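The values are calculated or read from the model by the stated rules, or taken from the named source; none is laboratory data. Note that the structure is a prediction, hence the values are computed from the model and not measured. Cβ sites come from the backbone with ideal geometry, for glycine too, and all protein chains shown count toward neighbours.
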Amino acid sequence: MALTDTLLEWAARHSPDRITAVGVLAVRARRYLSEGRAPALESIPGLRLRVAGHQERPLWHASTGLYGFLGVPPGEARIEIEDPAGRWQAQAISAVVPDRSALRRALEGGSAPLAVPAPAYPTAALRPAPAMALAPGLSALWGVVRDGGHPVAGALLEIDTARSGLADRVSTLSGADGSYLLVLPGETLDRSQTPPQRQFERALAVSAPRPALAARLARDGFLAALPANVFTLSAAERAARFMVRNFQLRDAAGVAYPPVDGHNPHAMVGAGARVRLDIELSP
């Protein structure tokens, strides 16, 4: 490091090293697969990240797959993530940023480095957005969530699925325009049947934002109002923000599938097919 450099000027030119040296927050963004599987290992480039209330824009470190922040103050931080290309659904997560200021002061003053907490390394598991181009042969459901004919932003959708013969679940949110995409990588032909089974009935659950959250989504914008860590809320936190709703499904041909005997209809999933099912919430 040149004598005329500040620590931040040096770090800005040496992005692979800067988080280890003086960074405070490094975010990994990876592809969500299912509730029963860890996110994909590959990091996602090309995203836009910000910490609410702060102006710093992180640099993408291609060598580490991290989005690194240097100047976020200690304490709990809300990290908002969006994809300018529209491939990935916007999401907000939180992390506790440690106080590493003593290390920075020591390095800038030429003193021996001090022992301080490691940077925060949160991971965001991003769901594909409806505009995502899917690989051929990948199973998916897509459509629009509506309530009284109006699109519903921020509805929490969960569907039971299968993975290698085991029960699994996939979750997502409807976007700002009410559209959703549920990618089901474990839904494949069941060759134990003759002929092989291609279609499967899967239980679907829908929770719509309660009025207070719906009002914030409409007033403040989808990402700004979205609860942080929305997919890992506790039962009490979820109940305070979302309400379980009954619904009917409507396929691409306009055929409606209403509840039967008080039970919501199952979604018909086609192995290797991208199936449209609009979700119409009941009063």
State which residue is nearest to residue 267 (Cα to Cα) when the search covers only the stretch 182-197 and only residues that are surrounded by 22 or more Cβ atoms within 10 Å (Cβ to Cβ) and without any contact (Cβ under 8 Å) to a residue 60 or more places away in the chain.
182
Matching entry among 168, 177, 190 (being among the acidic types (Asp, Glu) and in contact with a Gly (Cβ under 6 Å, 6 or more places away or on another chain)):
168
Could you tell me whether any residue of the stretch 211-227 is out of contact with any Ser or Thr (no Cβ under 8 Å at 6 or more places or on another chain), acidic (Asp, Glu) and modelled with pLDDT of 95 or more?
yes
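Is it fair to say residue 185 is at pLDDT below 95 and under 17 Å from residue 127 (Cα atoms)?
Yes; evaluated as a whole, the condition is true for this residue.
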Can we say residue 200 is in a helix (DSSP H, G or I), touching a residue at least 60 places away in the same chain (Cβ under 8 Å) and over 16 Å from residue 145 (Cβ atoms)?
no
When you scan the stretch 17-103 for strands (runs of 3 or more DSSP E) that lie fully inside it, which ones turn up with 1 or more residues that are crowded, with 20+ Cβ neighbours inside 10 Å?
25-31, 48-51, 66-69, 75-82, 91-97
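Given the criterion in contact (Cβ under 8 Å) with a residue 60 or more places away in the chain, within 21 Å of the chain's Cα centre (by Cα) and under 27 Å from residue 247 (Cα atoms), identify the matching residue among 129, 140, 162.
140 is the lone residue from the list that is in contact (Cβ under 8 Å) with a residue 60 or more places away in the chain, within 21 Å of the chain's Cα centre (by Cα) and under 27 Å from residue 247 (Cα atoms).
If you take the residues in the stretch 143-159 that are outside any loop (DSSP other than H, G, I, E, B) and within 15 Å of the chain's Cα centre (by Cα), which one is surrounded by the fewest Cβ atoms within 10 Å (Cβ to Cβ)?
Here is the first cut: in the stretch 143-159, the ones outside any loop (DSSP other than H, G, I, E, B) are 143-147, 150-151, 156-159.
Retained after the next criterion (residues that are within 15 Å of the chain's Cα centre (by Cα)): 156-158.
Working: 156: 24, 157: 22, 158: 17.
If we take residues in the stretch 143-159 being outside any loop (DSSP other than H, G, I, E, B) and within 15 Å of the chain's Cα centre (by Cα), then 158 is surrounded by the fewest Cβ atoms within 10 Å (Cβ to Cβ).
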Under 20 Å from the mean Cα position of the chain (by Cα) and within 30 Å of residue 260 (Cβ to Cβ): which single residue out of 204, 223 fits that description?
204
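Take the conditions within 19 Å of the chain's Cα centre (by Cα), at pLDDT 95 or above and not acidic (Asp, Glu) and apply them to residue 238. Does it pass?
Numbers: within 19 Å of the chain's Cα centre (by Cα): yes; at pLDDT 95 or above: yes; not acidic (Asp, Glu): yes.
Here the answer is yes, as residue 238 does meet what is asked.
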Residue, surrounded by the fewest Cβ atoms within 10 Å (Cβ to Cβ), within the stretch 237-263, restricted to residues that are part of a loop (DSSP other than H, G, I, E, B) and out of contact with any Ser or Thr (no Cβ under 9 Å at 6 or more places or on another chain)
261
